[in-house]
Each structure stands twice: as C-alpha cells, then as structure tokens.
1. How high is the FRET efficiency between R501 and I396 when r is their beta carbon distance and R₀ equals 25 Å, given to the nearest 0.05?
2. Tell me, what is the FRET efficiency for D101 and K223 to the nearest 0.05, using R0 = 51 angstrom and their Cβ-Cβ distance as r?
3. If R0 is 45 Å, what FRET efficiency do you get for R359 and E47 from their C-beta distance, rounded to 0.05?
4. What list of ³J(HN,Hα) couplings, whole Hz, do you get for segment 30-42 from phi and the Karplus terms 6.51, -1.76, 1.60, once you set θ to phi - 60° and write x for glycine and proline?
5. Hey, rough spin-label estimate for A280 and D118, points 7 angstrom out along Cα→Cβ, what's it come to in nanometres?
6. Rounded, prolate or oblate: which one fits segment 1-46, using the alpha carbon gyration tensor with axes a ≥ b ≥ c (rounded when a/c is under 1.5, else prolate when a/b beats b/c, else oblate)?
7. Would segment 341-388 count as rounded, prolate or oblate if I go by the C-alpha gyration tensor, calling it rounded below 1.5 in a/c and otherwise prolate when a/b exceeds b/c, oblate otherwise?
8. For segment 111-123, what does the Karplus curve 6.51 cos²θ - 1.76 cosθ + 1.60, with θ = phi - 60°, yield as ³J(HN,Hα) per residue in whole Hz, taken in order and with x for Gly and Pro?
Amino acid sequence: MNFIRRALLSMKAKKGRTLLLCAVFSAILIFVLAGLTIRSAALTATENAKKSVGATVTLSANREAAMKKSQDENSSERPDPGSFSLTPVSLEDAEKIAALDNVKTYSFLSSSSAGAGDGITPISSESEDTSTSESTTSDQGNEMGQGGPQGSGAQGGPMSQMNQSDFQVSGVMDLTMASDFSDGVAEIISGEGITEADKDSNNVVIEQSLAEANDLEVGDTFKITNPEDDTVTYEMTVKGIYKTSDNGDSMGMMFNFLNPANTLYTSYTFANTLKGDDSAGTIDSATYTLSDPKEMDSFVSAAEELIDTDSFSLQTNDQAYQQMLQPLNNVASFAKNIVILVAVAGVIILTLIIMMTIRERRYEIGVLLSLGESRLKVIFQFFSEIIICMLVALVIATFSGNIVGNVVGEQLISQQTTAQETTTNQGGPQGMGGEQGQGGPSGGGGMRGGFGSIGASSQENAEAIQELNISVKPTEIATLAGLGVLISFFSILLSSIGILRLQPKKILTT
C-alpha cells in the first residue's frame, strides 16, 4: 500500500495542484448534488400531489347511448325529439361505487326548479310587469316544450316548466365540492353550507342579493312552489347565505331561473322531492375524487362492473392532477439532465487535468517504473490522489450544495409554474370545465355550470407547486459519493492510457 503513502506525499508537495483538483471536483459535485436534490424534491412533490389533488370520475346518464338508441328505434324516419330521454342514476349504484377503494371524497348532485311562494321574490332583470313576464315566458316555454319529454325525472321537469320557474334548485351533498365554490366564484358569507347532515331536510343556502332583497337572514323561512303544481308549497329554512361573482349572461336577463342570484342550494334529496315520486332514489350525477390518480383506470373498470354501461357512463378527468404534475415533471427531467451533463463534463475536465499532470510527472513515473514499480500501482497512486480530492470536495458539496439547489430549484419551479399558468389561462380550464359540464346534471342542470358541475379547483392546484422542499438527504450524499467515485474512475481510466505507453528507459534518457 506504499502507493497511498506516495499519493499523500505528492499531494503535500504539490499543494497548488491539489487545491486545483479539489476546487474543480467541488464545483462538479456541487452541481451534481444540486441536480439530485432538485430531482428528489420534485419527485416528493409529485407524491404529495397525489394526496392533495385527486382525479375525478363522474357517473351520469349515457347521452351517446340514449341518442343512438333513439336513432335506431326511428331508423326508418326522422327521429322524434320527444323520444330522447335519459335514465336517472340510481342512488344505490352510486353508493356502491363510493364504497370502492381509492375513493377520497364523493358528492351526489340532483337539480330541479321551483317557483316563488310566500316570503320570497326572485331577482328579476325584466322591466316589464309580472303578468306580462309570466305570459311571455309561458308562451315561450310551451313552444320550447312541445314534443319534449314530459315529467322525466332525469330532465328535471319539462322545459316549459323550467321557463315558468323562478328559481334554479341545485341539490348537492357537500356544497364545498360544487364547482362555483371550489373555484372561488362563490363563497359562504353567513351561516353554513349544505353538508351530508342536511339530507332529507328543507335547509337552503341563498345568494346575498336575493337575501337582501327579501330581508332574509340565517334562520328565517320562506316558501317555494312545486315546478309542476304551484299549489304544492315547501317551507325552506335559510341555513347559509353565499356571495357570487358570477354576473350571468343574456339568458339570465330573460329567465329568472337563469339569474345567478336565483340559484338555491339544497340537499340532493330535496331536489328529488321537487321532481316527484318517480325520482325517488335517483340522482342526476355523482362525482368521485380519487386518492391516487394513477389508479384511475382500474377504478373505472371496477365501477363499470357495478352499472349498466348502456344507460350510464363514467367520465374521467385528471386534468387538475396532470396540470400540477407538468411543472414538477419538467423540473425533475431538467434536474436529471443537469446530473448527466455535469457528470460527463466532470469526467472530461478531470481527464484533461490528469493528462496534463502526467506530462509534468513523466520523470517521476520513469523513476518508479525503473525501480520495478508496476504500472498498475502507479495508476492506483493517481487514483488515490483523485479519491482524496473527491472526499474533500464531497464535504464542501454537502454544505454548499443545498444552497445552490434551493436557488436553482426555486428559479426552475417559478419559470415552469408561470409557463403552466399562462397555458392554462389561454384555454386549459375551459377544457376541464367542458368535460365537467358533460358529466353534470341532465336536462336543466346542463344549462349552467353553476347548476352542478363538481370538481377540484385548478387555481388551488397551481398554488400547490409554487415552491419545492429542497434539502440534502443521506441517500443523496451516498449517491453523490458513488457518482464521485465513478467520475474519478473514468477520468483515471482515460488518462492511464498515456501511463501504459511510457517506457522508463526512454523517459530517463531524454
């Protein structure tokens, strides 16, 4: 082992060369460690993303199958629009799917409409008197409702009845999962929202302007009428008041029930009551948030075994999860490239330095070889010198690599998040919103996103990737040490070609 002793003596004698090797190796290992820590942090954030944001699967009536069935039944002639109907989702089947593994949260949705009764008047944008407005909407409703499905529970009442209604009733299991509330469009400002505890109750959450116009507060009561029979009334208890930033559209100027302020949130069981006995034990749709988006396909396969796929469909949406992962995957990929490029560059740089060192130490090598020292031990001497420098560089990198990793990592995630948000603002959420709308309630519920699409908020997802928790871990130090040894080995291996070709007699005589 005298080659190790010679290596130590040589390093002590040539302090400048030793410091140069330590400095170069430190720079290499610092950037390699930065890449390792950034990649590790990105992978950890990816795993955490699965816990915070799950993919959603929506169970609803199969529109395509219903339309195809209608066309097949009327293949010889033009299909009758009135023959198209949707089968409401069985509450029992929805609960069976909710019991499957990988379901993090779930919510049921049922939508209907209602008329104004004692103690409440809808917000109206019409300047005409009430009788004229009712006459106009009634005529329009009869026109639109001709040939339409009559009394279909899945449709939430005929279109003519919807046009005559004053309020849009969105029945939910958990109000926080309604898209308007999860996306920040609406928020509770007084009282509480609808929860599973409100099942089979007449509790309602109303909009702030509607409450102010009717002088209603939390705990007050008012009456609404059945959409099919205005002699049937229901006494509602105000559980909460919400505020919405949705200003509606031109349709809301024509029909009261399309005005965002006239949306009433109740339990899904009460919405079914408004639709009649035929809708008992049914819902318009069910939305399931999965714990692990990677298991979406297996979840859908298991769920399809519990339902009639000819009547119902399962629509998947993991855009929120993918949106969160894209910046993280980009950062992880970039960090991996940093490790590879720096390692390759390190081998090249160290090889060149060692080759220059060998030129300066030709006489030393010639003396050692003439004294009978094997070429292999000479190579081991140089390898020992590099390994000692590597150990010093490893200590330096351990203390400074975390700082570099944080600076580089935060800059990378900031750039990737900004790019992702720009892409999302140019059209990302629209895709998600459209998909959710398809999986929303049938019939009247499909007219407005607030009438029922349920899902995770993409705005919250973007906030979850604003920073990475970058820290040096023992596993990364071990990996760095292994990479340092490999870099040293390949550097010496490439440089040793010159040593093997040296002849001691030629060296000492020149």
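1. Using R0 = 25 Å, I get an efficiency of 0.10.
2. The pair D101/K223 has a calculated efficiency of 0.70.
3. Computed FRET efficiency for R359 and E47 comes out at 0.35.
4. After applying 6.51 cos²θ - 1.76 cosθ + 1.60, I find 4, 6, 5, 5, 4, x, 5, 5, 5, 4, 4, 5, 5 Hz.
5. Those two pseudo-labels are separated by 2.7 nm.
6. On the way: a/c = 8.29, a/b = 2.79, b/c = 2.97.
The shape class here is oblate.
7. On the way: a/c = 3.48, a/b = 2.07, b/c = 1.68.
In terms of gyration-tensor shape, prolate.
8. Karplus values, whole Hz, x for Gly and Pro: 10, 7, 9, 7, x, 7, x, 5, x, 8, 10, x, 6.
Bear in mind these aren't lab numbers, they're just calculated from the coordinates by the rules spelled out. Just so it is clear, the structure is predicted and the values come from calculations on it, not from any experiment. Cβ: placed from backbone, ideal geometry, glycine included. Neighbour counts: every protein chain shown.
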